[in-house]
1. Given Cα pairs under 8 Å that are at least 6 residues apart, what percent is the relative contact order of the chain?
2. What is the mean projected area of the alpha carbon convex hull for the stretch 151-295, to one decimal in square nanometres?
3. For the stretch 134-213 and the stretch 24-41, compute the distance between their C-alpha centroids and round to whole Å.
4. Does the stretch 48-124 come out rounded, prolate or oblate by the C-alpha gyration tensor, with a ≥ b ≥ c the root eigenvalues, rounded set by a/c under 1.5 and, if not, prolate when a/b is larger than b/c and oblate if not?
5. On average, how much accessible surface per residue is there in the stretch 67-148, in Å², for a 1.4 Å probe, leaving out ligands, DNA and RNA?
6. Return the sequence-ordered ³J(HN,Hα) values of the stretch 382-394 in whole Hz as given by the Karplus equation 6.51 cos²θ - 1.76 cosθ + 1.60 applied to θ = phi - 60°, using x for Gly and Pro.
7. With the cut-off at 1.5 for a/c, could you classify the chain from its C-alpha gyration tensor as rounded, prolate or oblate?
8. In terms of the Cα gyration tensor, with a ≥ b ≥ c the square roots of its eigenvalues, is the stretch 216-345 rounded because a/c is under 1.5, prolate because a/b exceeds b/c, or oblate?
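The values are calculated or read from the model by the stated rules, or taken from the named source; none is laboratory data. Owing to the predicted nature of the structure, the values given are computational and were not obtained by experimental measurement. Neighbour counts are summed over all protein chains in view; Cβ atoms, including those assigned to glycine, are modelled from backbone coordinates with ideal geometry. We work out accessible area using only protein heavy atoms, side chains counted, and drop any ligands, DNA or RNA first. Shrake-Rupley method; radii C 1.70, N 1.55, O 1.52, S 1.80 Å.
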Amino acid sequence: MTAAGTIPGPDELVERAIQETGLDDFGEPTWREGMELFAESLNETAELNEIGLGVAADGIVADLSNRLQLVQWRNDHPAVAEQEIVRPIIIVGLPRTGTSILHDLMAQDPAMRAPLSWEVERPVPAPRTATFDTDPRIAVAQAQFDLVDSIIPGFTEFHELGATLAQEDVRIWTSEFRSMIFSLQFEVPAYNEWLLHKADMAPAYRWHRRFLQHLQSEHMAERWLLKSPAHLWNFADLIAEYPDAIVIQNHRDPLKVMASISALGASLREMTTDSFDVRTLAAQYGEDLTFGLDRALAQRKDGIFPEGQVIDVLYQDFRKDLLGTVARLYDALGIELTDEAAARQKAFLDAHPGDAQNSLRRYTWEQTGLDEGEMRERTREYQDHFGIESEQLG
């Protein structure tokens, strides 16, 4: 099938954001290169249907609008720039390795400040402690998330969405237009190649810091709890921006990850294009994930993290005892797991068992078109180094 049309050009999208917000200061111009390439790639290769055209164009305008509003807020409140980000805890690892449920569980601790979905989607005005649990933006964001399951039946069973759930850093990066979320949602190989192999990610981490400063300026806990698989590709930039960060790295059989992320991406792409082939997405992730693993492993071996600054978690252990693993992480971090935090974590897990079970399986390994022997050989060094068990491929 052919595409339903094309999205507007970059200049028109920028003008839409300016008109909608009444603002025109985007801050550093570093966002422009990625935005233009992403918009061009959408029109060249994504083959968007009618829904996809709206999702893509509206998404770009929303990201631009958030940037405009956040820059203006900072201009109006210069003291925000003085906010310090101290010893953040950052969860990394391939997608589908349990990073989301670990993030959500640890975020139940009142001492942890995880970015929540509603405040990442609509960060301005800065969230305030007095209204943090009653902010009207929560209901607005939740209404949008509720639409997802009606448009993509079963998606939230595979990857839960919610206004008050912890959000990952890759979503913060969308306003800098250096985010892997775009190449998961859409077939944009030119953009993906630029992002992983050519783009300077330092601007994304600078924007990330500005975003956190904004969020914590009027509502803060003891420490930030952050998460994104995308950090795996960017350890050098991460540690350059946050030299005191404590990193928790999750590990799982990479081949199982390739099949699982292909299923997740399939749910997203099937909504926005009528020309979807899961083998195309699986081929992308077969290359992207092995590249990320090789880069990260080389940097780990070279000692990019000082002694005691990174903690490894094996999915094969984590899935058997989620709460026990969390408790052991607190011990390793030297942080007290209070009775209140432990009770909240247990209550969350009881209410969200789907996160732990990954219950929805839409594609078998055979359907990905990837060669098991080849992929196993390409990831052998990573598995051997961390002692990762190979899982049964369904």
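1. Numbers: 570 pairs, mean separation 98.2, N = 394.
Relative contact order for the chain comes out at 25 percent.
2. Details: hull surface 38.8 nm².
Projected area, direction-averaged: 9.7 nm².
3. Distance between centres, Cα-based: 16 Å.
4. Details: a/c = 2.68, a/b = 1.11, b/c = 2.41.
The shape class here is oblate.
5. Here the residues of the stretch 67-148 average 39 Å² of exposed surface.
6. In residue order, the calculated couplings are 4, 4, 5, 4, 9, x, 8, 6, 7, 9, 5, 8, x Hz.
7. Rounded, because the longest to shortest axis ratio a/c is under 1.5.
8. Note, shape of the stretch 216-345 comes out prolate.
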